[in-house]
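Trainee: Below: one structure in structure tokens.
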Amino acid sequence: MSGWIWLAGALVAGVGGYLVGMPAWTSWQARRGRDRNAERYLAWRGRADRRPADDRPSDSERSRISIGVALGVVAVFCLVAFFSYR
């Protein structure tokens, strides 16, 4: 197998991981920011909730982030294989 195939695989896996994981990551971070801003406002108004808010990502976000990380690991593996290919 040619070494360039490993490089192409790394590129495809890296771009795929970015395209799958980054939208889920940004939506989770944006939701956290909105929730924290709302909590601060409610605390300022004296109507804050006593229990802490749930800051975890949703199930779909968690699975998309996991798939993105897995594709990133595949990209790193392909890149190492490219550099170690003779």
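No value in this document is a laboratory result; all are computed from the given coordinates. Values in this document were obtained by computation on a predicted structure and should not be read as measured data. A quick note on method: Cβ atoms are made from the backbone with ideal geometry, for glycine too, and the neighbour counts reach across all protein chains shown.
Trainee: Run the numbers for Ser66 and Arg40: contour at 0.36 nm per residue of separation, minus the present Cα-Cα distance, in nm. Spell out each step's value before the answer.
Mentor: Working: separation 26, 0.36 × 26 = 9.36 nm, distance 3.06 nm.
Contour length minus the Cα-Cα distance gives 6.3 nm.
Trainee: Name the residue, out of Ala48, Ala75, Ala13, whose mean-square fluctuation peaks in a Gaussian network model built on the chain with Cα pairs under 10 Å.
Mentor: Ala48
Trainee: OK, next. Quick one: dipole size for the chain, taken about the Cα centre, charges +1 on Lys/Arg Cβ and -1 on Asp/Glu Cβ, in debye to the nearest 20.
Mentor: So the dipole magnitude of the chain works out to roughly 380 debye.
Trainee: Roughly how tilted is helix 59-84, in degrees to the nearest 10 and between 0 and 90, from the longest Cα axis of the chain?
Mentor: 30 degrees
Trainee: Another question, if that's okay. Positive end of the charge dipole of the chain (Lys, Arg +1 and Asp, Glu -1 on Cβ, about the Cα centre): tell me which of Ala30, Gly3, Phe82 has its Cα farthest that way.
Mentor: The listed residue farthest towards the positive side: Ala30.
Trainee: Would you calculate a helix-derived [θ] at 222 nm for the chain, using -39,500 (n - 2.57) for each DSSP H run of n ≥ 4 and dividing by the full residue count, to the nearest 500?
Mentor: Taken over the chain, the calculation gives -29500 deg cm²/dmol.
Trainee: Have a look at Ala48, Gly72, Leu19 and report the one farthest towards the positive end of the charge dipole of the chain, computed about the Cα centre with Cβ charges (Lys/Arg +1, Asp/Glu -1).
Mentor: Of the candidates, Ala48 comes out farthest on the positive side.
Trainee: Can I ask one more? Treating the angle as unsigned and between 0 and 90°, give the value, to the nearest 10°, between the Cα long axis of helix 3-45 and the longest Cα principal axis of the chain.
Mentor: Taking the Cα atoms of the chain, the angle to 3-45 is about 10 degrees.
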